[in-house]
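To start, the structure itself, in structure tokens.
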Amino acid sequence: MGNQDLPGVLVSGFEGPCCICEDHVGDLKKHFNLITMQEFLENKTQFGPKIQAVYIWGGKPAVDLELLQSLPSLKIIASSGAGLDHLDRKLIASFGVKVANTPHAVSSPTADLGMALLLAAARRLVEGYRLAISPDTENFPTNFMGQEVTGATLGIIGMGNIGYKIAQRAKAFEMKILYHNRKCRKLEEEKAVGATYCERLDDLLQQSDFVMLAVSLTPQTQRLIGRRELRLMKPTAILVNIGRGLLVDQDALMEALETGVIKAAALDVTYPEPLPRRSGLCFSTSTNRAWGARAADPWTETASGRLPHVEPE
């Protein structure tokens, strides 16, 4: 607990797996009195009225009805990152509380990671690393080459800030870019990256060598990729998910990988996170593999000089 004269902000904590980013603590303490969840729970009567904001990092602290009822002075909930599917915005709005996020702060890092996953899966980087360090390796197979990225077709599902930045990066690899979105981008934006709009998702899935999920999770996009959609993809196709785990029916994905319906998957997000250690998606073979690499950028929009985005009520 810090300066009592500063506005109180509830945070998950400073230590442990669910703590806030240590790079943010110093700047936050200059402007706010940071109150940890443990401190709040131990003395709700003292701290509840002092808390004017909740700062969410990595989905913590969780905001529910009980917490909202315990914070009579709460004005805003600030969530790091772009996604807001972990928040019940209707419930929060009913308390007169605003919601803010940082959609632009993570756009470039997430696009970078998306391309890293695509390249790693295409060139069999994880398998190659395991082969290189295995004590049983005596030679390297000459056909362990992966597949070409340059000139391949990339289908981007969700052409918002992150999707468009992925297209910019893919252009440098001379990839043919298709995209599916609620609406077309402006013609000049399409021309800048050489992207072609697919009104039907099916058309994108059938034509793409790589399918990149960069769409938000909504009731309409939950399990957007299931058995039917996977069967529309090429048997040589690679699925990359940098959106949300629930965009994909993971049972259907595991079945598709095991039976060769698609070649591979590279997952930044899963459901749940982390996956159970015995999940088939945690393992890889020479032809079908799936792996996760959850990443969080250490900078927020406020730290980079940009104001966070406040969701309308």
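The values are calculated or read from the model by the stated rules, or taken from the named source; none is laboratory data. Not measured: the values here are computed from a predicted model. In this analysis, Cβ positions are derived from the backbone assuming ideal geometry, glycine residues included, and neighbour counts consider all displayed protein chains. Surface areas here come from the heavy atoms of the whole protein model, side chains and all, with no ligands, DNA or RNA. Shrake-Rupley method; radii C 1.70, N 1.55, O 1.52, S 1.80 Å.
Quick notes on this one:
- Residues satisfying the stated conditions in the stretch 119-151, i.e. in contact with a helix residue (DSSP H, G or I) (Cβ under 8 Å, 6 or more places away or on another chain) and either under 26 Å from residue 177 (Cα atoms) or among the hydrophobic types (A, V, I, L, M, F, W, C) (or both): 119, 120, 125, 126, 140, 144, 146, 147, 148, 149
- Of the residues making up the stretch 61-91, those that are under 18 Å from residue 21 (Cβ atoms) and part of a loop (DSSP other than H, G, I, E, B) are 61, 62, 80, 81, 82, 83, 86.
- Within the stretch 121-155, the residues that satisfy the criterion of being at pLDDT 95 or above and touching a Ser or Thr at 6+ places or on another chain (Cβ under 9 Å) are 152, 153, 154, 155.
- Filtering the stretch 92-145 to residues that are more than 30 Å from residue 78 (Cα to Cα), under 25 Å from the mean Cα position of the chain (by Cα) and part of a helix (DSSP H, G or I) leaves 118, 119, 120, 121, 122, 125, 126, 127, 129.
- Selection within the stretch 4-36 - in contact with a helix residue (DSSP H, G or I) (Cβ under 9 Å, 6 or more places away or on another chain), within 16 Å of residue 78 (Cβ to Cβ), open to solvent by 30 Å² or more (accessible area, probe 1.4 Å) and without any contact (Cβ under 8 Å) to a residue 40 or more places away in the chain: 6
- Test: residue in the stretch 179-194 that is in contact (Cβ under 8 Å) with a residue 24 or more places away in the chain, within 19 Å of residue 113 (Cβ to Cβ) and in contact with a Leu (Cβ under 8 Å, 6 or more places away or on another chain): yes
- Selection count where residues are within 16 Å of residue 113 (Cβ to Cβ) and in a loop (DSSP other than H, G, I, E, B), scope the stretch 146-173: 4
- Checking each residue in the stretch 15-36 for being under 25 Å from the mean Cα position of the chain (by Cα) and under 20 Å from residue 71 (Cβ atoms) picks out 18, 20, 28.
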